[in-house]
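Here the structure comes first, spelled out in structure tokens, and everything after it is commentary.
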Amino acid sequence: MAPFDKHLFICGNRREPGHVRGCCDPEGSEALHQAFKQALAERGLNRRMRANRSGCLDQCEKGPSVVVYPENVWYGGVTKADVTEIIEQHLIGGTPVTRLLMPEGDAAAKPR
């Protein structure tokens, strides 16, 4: 199989209820990850684009967090309702979803 055109990492980190930093998947349902996988498959993109559940992306206070490579685009506060917009506008259309972008000053939004 050829390398993927795009690779999404969806934070699935869990912490105990009430943790000061919060967590990206408090129910442990992986619902956001599954929504991305399903939406990519429905569009026939799952051989070109990969959605993986990740461990902590260290952006807990801004979660749920999603990062898209190779562009190094970081999204925060992502919900299942945002999945279609991210796929259609960013992954297919090439334009990141501005309202969900983490600010450039955030550590994770800068190239490492």
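Each reported figure results from applying straightforward, stated rules to the coordinates on display, with no laboratory input. Bear in mind that the values here come from a model prediction, so they are computed numbers and not experimental data. Positions of Cβ are generated from backbone atoms using ideal geometry, with glycine treated the same way; all protein chains shown enter the neighbour counts.
Computed values, structure above
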{"quantity": "First in segment 59-72 and over 19 Å from E88 (Cβ atoms) and free of Cβ contacts under 8 Å to residues at least 24 places away in the same chain, second anywhere and outside any helix (DSSP H, G or I) and polar (S, T, N, Q), Cβ under 7 Å, 6 or more apart", "calculated": "none"}
{"quantity": "Flag for K37 being crowded, with 19+ Cβ neighbours inside 10 Å and in contact with a Leu (Cβ under 6 Å, 6 or more places away or on another chain)", "calculated": "no"}
{"quantity": "Selected residue (criterion: nearest to R48 (Cα to Cα)) from residues of segment 8-30 that are in contact (Cβ under 8 Å) with a residue 40 or more places away in the chain and in contact with a Lys or Arg (Cβ under 6 Å, 6 or more places away or on another chain)", "calculated": "I10"}
{"quantity": "Output for segment 87-99, where each listed residue is crowded, with 19+ Cβ neighbours inside 10 Å and in contact (Cβ under 8 Å) with a residue 24 or more places away in the chain", "calculated": "I87, L91"}
